[in-house]
Amino acid sequence: MRRLLSLLLVLMLIMGALAGCGQKSQETSDKSNQQNANTQQVAQETTYQRNETVYFGGGLWSPPSNWNPLTPWNAVTGTVGLIYETLFNYDPLKNEFIPWLAEKGEWTSDNTYQITLRDGLTWQDGKPLTSEDVKFTFEIAKQYSEIYYSPMWQWLQSIETPDNKTVIFKFSTVNYHEWAYNLYQIPIIPKHIWADKSKDDMLNGANEKAIGSGPYLFDTYSNDRMVYKRNDNWWGIKAMNMTPAPKRIVYLIVPSNNVALGMLMKGELDLSNFFLPGIKTLKANYGITTFYDNPPYMIPDNTVFMFINTTKSPLNNVELRKAMAYAINPKVIAEKVYENQVEPANPLGFVPAKAWEEYYDKNVVNKYGYTYDPEKAKSILDAAGFKLGSDGVRTAPDGKRFKLEISVPYGWTDWMEAAKIVADQLKVVGIDAEAKFPDYSKYYEDLTKGTFDLSFNNFGSQVTSTPWTLYNWLFNKVQENGPQNNGNFGRFDVPGLQDLIAKFNQTKLGSPEAKQAAAQLEEIFLKNMPAIPLWYNGLWFQASNAAWENWPTEHDPYAYPVTWGGRWQTGGTMMLMKIKPKASQ
């Protein structure tokens, strides 16, 4: 099941990371060009009525070519959330599961979870959505191990559907945290359409003209946009008394932050999920809405860590890793690189979200945590035998000189500047370090093959319903042979670590047992520092009020304003229900 989570987290964080960096990675661009070499423009640009249409950007990086919910990492943003729906939505701001296709879900025993579907659910082709569709969605992954959530069947025992509305899941082992996450991650697919698909089509098909159950229909697309049309027969209009306001969503490929900035200023882009500089000026002169009125303006969404390769000397020396944690001051990065649109991370790298805060053990952090203290870093290095030479550079305890490279992808300009700052801060305490900017493919190859020294990454640190996802990523099992694709890029391990992660997963959310297990993981993290938390990457959200208004803000936090792939069900869809066309149009 860790493969499922990691794949999804990688998908979502890549989208967020791309949106959060100076420009999209060249590797992604190259892949996109290759994958879409044969993509034909099937629709000419059409002018839609502005008071019926929203224009969004920040989550689409290549010409639309895939709408397959079983390969969400390839699917166009909105495939899950707008076309296909999940049993629950999840609001990170309130830490609330929002009943969606499910009217309710509850544990009826320690190993049995029962879902009751809403009345009147329908697919977009008019067929009824029933418990058999839910059962099919899960059981197809038992039939085909290639489906990303198939590992779930290692602990899911059976599914029963006593009637059209009821689905009963029985587990051999209950992974409470993982299950809660799955409730708002796995899109339900129509059995009457997908049961007849071949395995190849199911796993590799583009699924053009997708038919789901959601509030928006696949309308059309072209090389630079995906267009969704409101489903006026959506079941939710009657069942939840909610109607999406925009008749159409035009999701644009915006080639750069500067282009996004210009479009936003001219009112041609209603919502941007890009990192944009100069927010204070943008707000003052153009009336742009951000979630917070004042710095950091953005909601902290995920944490950028600096992974340390614990298999390489001298980085396998924990004292060196601890010294680096004391030597780095992320506040400088927040100020100089992000103009205070981000905040320095706490010692655990916990995003400050309600779902995670209850697991944040202050006693553990006070005892083992780190704050910026270069003098302490120097004393640790001195005591550990990292001698300072006359040139101001330290040697390893074996007397050998060493130089550390900090890798971030070329073109991710904000990360590039941050890496330079970190290198300079390490030099202050005598650690020779240099920022390196390989292209994305080289960066990712080094990261996953363990051939880096220090490397920034945030692909699995986004806010979720449980910090178990963070530890499943930070401490992902080390692969004996092959790349480390799913986190723990520094290949850190200690005896019993995997058992402890599993123990955390098998505790009930919020229980004393869960908090105790989390505290144990936090202690291991802080005692060993396999990665150093740097700053919270923001949920970049800038909205124009030229054509649409009533965007979610701190004053009316009705939705988490995210439109990145795989994230609509955590707020983007809800936002569409409450924004309004500007009356003066």
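The values are calculated or read from the model by the stated rules, or taken from the named source; none is laboratory data. As the structure is a computational prediction, the values presented were derived from the model and not from experiment. Glycine also receives a Cβ, built like all others from the backbone with ideal geometry; neighbour counts cover every protein chain displayed. Just the protein is used for accessible areas: all its heavy atoms, side chains included, with ligands, DNA and RNA removed. Shrake-Rupley method; radii C 1.70, N 1.55, O 1.52, S 1.80 Å.
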Inset, instruction - Among the residues of region 530-573, write down those that are aliphatic (A, V, I, L, M) and closer than 19 Å to L269 by Cα. - result: L539, A543, A546, A547, V562
Inset, instruction - Report whether or not L271 is within 24 Å of the chain's Cα centre (by Cα) and either without any contact (Cβ under 8 Å) to a residue 40 or more places away in the chain or at positive phi (or both). - result: no
Inset, instruction - Within region 290-335, track down each residue that is of a type in the set (G, A, S) and either closer than 26 Å to E357 by Cα or in contact with a helix residue (DSSP H, G or I) (Cβ under 9 Å, 6 or more places away or on another chain) (or both). - result: A323, A325, A327, A334
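Quick check: anything in region 329-344 surrounded by fewer than 18 Cβ atoms within 10 Å (Cβ to Cβ), out of contact with any Leu (no Cβ under 8 Å at 6 or more places or on another chain) and assigned to a loop (DSSP other than H, G, I, E, B)?
So far as region 329-344 goes, yes, one or more of its residues are surrounded by fewer than 18 Cβ atoms within 10 Å (Cβ to Cβ), out of contact with any Leu (no Cβ under 8 Å at 6 or more places or on another chain) and assigned to a loop (DSSP other than H, G, I, E, B).
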Inset, instruction - Test each condition in (1) under 18 Å from the mean Cα position of the chain (by Cα); (2) over 22 Å from V342 (Cβ atoms) for D556 and report the one that comes out false. - result: (1)
Legend entry - Residues (assigned to a loop (DSSP other than H, G, I, E, B) and either under 29 Å from the mean Cα position of the chain (by Cα) or surrounded by 19 or more Cβ atoms within 10 Å (Cβ to Cβ) (or both)) located in region 395-407: F402
Legend entry - Residue, modelled with the lowest pLDDT, within region 557-585, restricted to residues that are among the small types (G, A, S) and open to solvent by less than 10 Å² (accessible area, probe 1.4 Å): G565
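Determine whether F305 is closer than 22 Å to K449 by Cα, crowded, with 19+ Cβ neighbours inside 10 Å and not polar (S, T, N, Q).
yes
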Inset, instruction - Answer yes or no: is there a residue in region 481-498 that is among the small types (G, A, S), surrounded by fewer than 20 Cβ atoms within 10 Å (Cβ to Cβ) and free of Cβ contacts under 8 Å to residues at least 60 places away in the same chain. - result: yes
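Each row is one residue, and each column tells you yes or no for (1) under 27 Å from the mean Cα position of the chain (by Cα); (2) of a type outside the set (D, E, K, R).
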site: E178; (1), (2): yes, no
site: I211; (1), (2): yes, yes
site: Y228; (1), (2): yes, yes
site: N241; (1), (2): no, yes
site: V254; (1), (2): yes, yes
Legend entry - Single residue of A559, A517 found to be small (G, A, S) and not in a loop (DSSP other than H, G, I, E, B): A517
Inset, instruction - Could you look through region 225-251, keep only residues that are open to solvent by less than 20 Å² (accessible area, probe 1.4 Å) and among the hydroxyl-bearing types (S, T, Y), and pick out the one that is farthest from L264 (Cα to Cα)? - result: Y228
Inset, instruction - Could you tell me whether K527 is under 17 Å from V54 (Cβ atoms), surrounded by fewer than 23 Cβ atoms within 10 Å (Cβ to Cβ), in contact (Cβ under 8 Å) with a residue 40 or more places away in the chain and touching a helix residue (DSSP H, G or I) at 6+ places or on another chain (Cβ under 8 Å)? - result: no
Inset, instruction - Would you be able to say whether some residue in region 356-368 is within 18 Å of L539 (Cβ to Cβ), open to solvent by less than 30 Å² (accessible area, probe 1.4 Å) and in contact (Cβ under 8 Å) with a residue 40 or more places away in the chain? - result: yes
Inset, instruction - Just name the residue that is modelled with the lowest pLDDT out of those in region 408-438 that are open to solvent by 10 Å² or more (accessible area, probe 1.4 Å) and farther than 17 Å from W535 by Cβ. - result: Y410
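What number of residues in region 379-426 are polar (S, T, N, Q) and in contact (Cβ under 8 Å) with a residue 60 or more places away in the chain?
2
Give region 550-565 a look and list any residue that's in contact with a strand residue (DSSP E or B) (Cβ under 8 Å, 6 or more places away or on another chain) and in contact (Cβ under 8 Å) with a residue 60 or more places away in the chain, or say none.
Correct list: W551, T553, A559, Y560, P561, V562, T563, G565.
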Inset, instruction - Check every one of the strands (runs of 3 or more DSSP E) wholly within region 77-182 and list those with 2 or more residues that are among the polar types (S, T, N, Q) and at pLDDT 95 or above. - result: 102-109, 112-117, 156-163
Legend entry - Of all residues in region 503-524 being free of Cβ contacts under 8 Å to residues at least 60 places away in the same chain and open to solvent by less than 70 Å² (accessible area, probe 1.4 Å), the one that is farthest from N309 (Cα to Cα): S511
Legend entry - Close pairs from region 168-193: first more than 22 Å from T130 (Cβ to Cβ), partner at pLDDT 95 or above and among the hydroxyl-bearing types (S, T, Y), Cβ under 7 Å, at least 6 apart: Y176/T507; H177/T466; A180/S465; A180/T466; Y181/T464; Y181/S465; Y181/T466; Y181/T469
Inset, instruction - Specify the residue that is surrounded by the most Cβ atoms within 10 Å (Cβ to Cβ); the eligible residues are those in region 136-167 that are closer than 19 Å to I193 by Cα and free of Cβ contacts under 8 Å to residues at least 40 places away in the same chain. - result: A141
Legend entry - Positions within region 541-556 being open to solvent by 20 Å² or more (accessible area, probe 1.4 Å), in a loop (DSSP other than H, G, I, E, B) and not hydrophobic (A, V, I, L, M, F, W, C), in sequence order: N545, N550, E554, H555
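Rundown of residues vs (1) open to solvent by 60 Å² or more (accessible area, probe 1.4 Å); (2) in a helix (DSSP H, G or I); (3) of a type in the set (V, I, T), yes/no style:
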position: G262; (1), (2), (3): no, yes, no
position: L269; (1), (2), (3): no, no, no
position: F274; (1), (2), (3): no, no, no
position: T281; (1), (2), (3): yes, yes, yes
position: K322; (1), (2), (3): no, yes, no
Inset, instruction - Could you tell me whether any residue of region 216-224 is aromatic (F, W, Y), touching a residue at least 60 places away in the same chain (Cβ under 8 Å) and open to solvent by 10 Å² or more (accessible area, probe 1.4 Å)? - result: yes
